[in-house]
Amino acid sequence: MLFWKEWREILWLVVLSPVALCAISFIRWEGWRPEFYEFQFWVNAILFLPLAALFLGAGAMAAERERGTFDSLLARPVSLLRVFVAKFVVRFVAVFLVLLTSGVLFCLLRPTHNIEIIDLVKGFAVFLSGLFFLLAISLCASCLSDTQGKAFIASITTLLALIFVINYTPFFKYTWWWRSSSGPTWVEYAAFYVSLSIPALMVGGTIFMQQAALHYRWRVLAVVAVILVLIFVRSVSTTFSLFAGAASSGDLELVQLARSPVYDILAKISSFQNTARSQQLREFLVVATRNGIERDLIKELSNSDPKIRAMAIHILEMRKSAQAAPAVTPLLKDQDREVRYCATMFVQSLKYEEAMPALLGLLDDPVSSVRERAVSALAEIEGKDAGPRIMPLLDDENPRVRVAAALSLGRMDYGEAADKIAMMMFQDPVDYVRRQAAISLRYLKSSPACDALIQALEDDDSRLVENVVYSLGELRCEAAVGPLVDGLRTHLHVAQALKEARRRGQEHPLRPKYGHGKVEIPELGFSARYIAAMYPSILATLVKIDSPAVKQALRQLFTDFDRFPQLKLQAAIALAELGDATGIPYIRERLAEDASQQKPGWEMREHAMRLAKAGEYSAVPLLIPYLDEGWPEERYMYGQILEELTGKKYGWDSKRWRKWWEKNKDELLSKPFEAKDEHRRG
């Protein structure tokens, strides 16, 4: 009878809690998508279910006193211990059922979730142990209180105090159970919360057996709770990222350091060098909000230790501290090279124009890394006006400085540098510089160096040629269509020779070198020097150029590639991206074969994405399997591609997509191909 009485009192909460949790998780806003439900559900569960557990425990004894039924409860012919146990067991079962029902409803409402069942079970166990602990705390508060409201506030106050204390002990990592799976195992988390719950239950049972109750004003308790919240937030907010980052390893020293003066933190970062601990401390100083932290960092700019000065500048740069700019500018002339380098990065990040005189002096700095950074900073701050000052550094003795100058001039589209950069691409003694010069030329759209780039297709360096091919596409050089198509034909020629040699069981002389750079076959022309995977880049470049000559050439290549299905498919996809339906029947035939597999390979997935963006519906069944796995960002991307193609708003719900496809595939595949052209010039 006692168990049934307790159960009837809390049944409404057991029934309504899971329903309310799922309903709240479906609240929509502008831009809401179906896949957001998973995130909303778990956030709401973490916020709502602990409060429900505290509310249930708070009403165990205090509600009886508030209703005036406490004496009649004690008059029952049962022991006080049995009454206490009955109230706790019923409430724990209720919490268990609420959590279990919520999980079941989540799986039913979102069957396409990306959570493994074993991970769901582990999370359930950890969550349940935490609710067990909250229930024990609230039951203690209920035994001491005369109203349920007071007991609820006392439970929250006690919980905040315990978290505050735990965060100052080596056990603080257990308060961040949601942070990382690389920390304690789920069994350790559950054991920790259960071990805390047992003493709390013993204390609560003792209080109930003594029938002790405190008559206090809830307003006083509320003030105490607010003070604890403020102390907790003040302590944790300044070290929040550090707490969370250190929770995985339980590194209490990092938490103690976070409460130290700024100088001590900077000194420790320097002593840790480039380790995970130094990275965590740097991240803490970047996000810390405690009073005076920027003032202390600026003060350390005059420290006698150059490592401390450099680290302080670096932190201030990441904090985007405008008030530190006047103090950092003089350090552009510091004696230490690292300090000058960090000061240059700071000036570049904030685009601090008042530092220009000192910055110009760094173009002649004896340290090449400082000159390199000064070039980038100057281009960032002044734009094209910095072109005449940067041009001389194209002849710098250091290759990285020459590269920085070429890329900076290219990105600012400084046309006067086109001839000089093109000459670097051919004559520089360092291959890395030549390759980067080819990249720089793709930005010079006001003075496109198409002729020089086409000539560079004959180069022996395959990586340089690959950069040249990409740059020709970015500049839309129509004159490059002929040489690029010749390159594709030569690739086909080489592939045929290799295939024939394998058929005869012979090793073709190209084999050892083809795919690694040079292939010396004069009669085949420049493109025999391409790496084996060059043809996708050439096709992509032809699609970007998008001229009638390109379409004509691709149609011919599509016909010539009969003996090479993969190349033929690539040419057909390129035609589809240009709005030409010549290869659509072949594409649909190949995609139908791959769609019959349980999961298409990654290469066919890439083809399907390109075709879907081009407007071809036969790509839909190949993308649907990828909606069920992978990172949320990837699943969201596949769902967005399908939505843009079809106009349906199913997100990453693969079941709805499959149902829609089975219903509409015959009609969609019978329609003539209609290309979308907004993606071509991306």
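Using a 1.4 Å probe on the protein heavy atoms only, what accessible surface does Ser447 show? Give it in Å² to the nearest 10.
That residue has around 50 Å² of solvent-accessible surface.
Accessible area, 1.4 Å probe, largest first: how do Tyr626, Tyr470, Tyr650, Tyr341 sort?
Numbers: Tyr626 15, Tyr470 100, Tyr650 40, Tyr341 70 Å².
Result of the area sort, largest leading: Tyr470, Tyr341, Tyr650, Tyr626.
Provide Trp186, Trp660, Trp12 ordered by accessible surface of protein heavy atoms (probe 1.4 Å), highest first.
Values: Trp186 100, Trp660 30, Trp12 135 Å².
Result, largest first: Trp12, Trp186, Trp660.
Could you pull the accessible area for Lys268 with a 1.4 Å probe, rounded to 10 Å²?
Here the residue's solvent-accessible area equals roughly 70 Å².
Expressed as a fraction of 2.2 N^0.38 Å, the rule-of-thumb size for a compact globular protein of N residues, what is the C-alpha radius of gyration of segment 252-398? Please report the intermediate quantities before stating the final value.
Values: Rg = 16.2 Å, N = 147, 2.2 N^0.38 = 14.7 Å.
So the Cα radius of gyration is 1.10 times the expected 2.2 N^0.38 Å.
Could you state how much accessible area Thr101 has, in square angstrom rounded to the nearest 10, with a 1.4 Å probe and all protein chains kept in place?
Ignoring ligands and nucleic acids, Thr101 comes out at about 60 Å².
Starting from the residue with the highest accessible area, list Glu416, Glu643 in decreasing order, probe 1.4 Å. List each step's numbers first, then the result.
Details: Glu416 130, Glu643 15 Å².
Ranked list, largest accessible area first: Glu416, Glu643.
Using DSSP to define loop residues, name the trypsin sites (Lys or Arg not before Pro) in segment 304-369 whose beta-carbon has at most 15 other beta-carbon atoms within 10 Å.
Values: sites: Lys307, Arg309, Arg319, Lys320, Lys333, Arg337, Arg340, Lys351; in loops: Arg319, Lys320, Lys351.
For trypsin sites (Lys or Arg not before Pro) across segment 304-369 that sit outside H, G, I, E and B with at most 15 neighbouring Cβ atoms in 10 Å, the list reads Lys320, Lys351.
Take the Cα atoms of segment 597-681, find their three principal axes, and give me the spread along each one in whole Å, biggest first.
Each principal axis gives a Cα extent; for segment 597-681 these are 33, 33, 25 Å.
The values are calculated or read from the model by the stated rules, or taken from the named source; none is laboratory data. Treat the numbers as computed from the prediction; the structure is a model and nothing was measured. Virtual Cβ from ideal backbone geometry, glycine too; neighbours counted across all protein chains shown. Note: areas computed on protein heavy atoms with side chains; ligands, DNA, RNA excluded. Shrake-Rupley method; radii C 1.70, N 1.55, O 1.52, S 1.80 Å.
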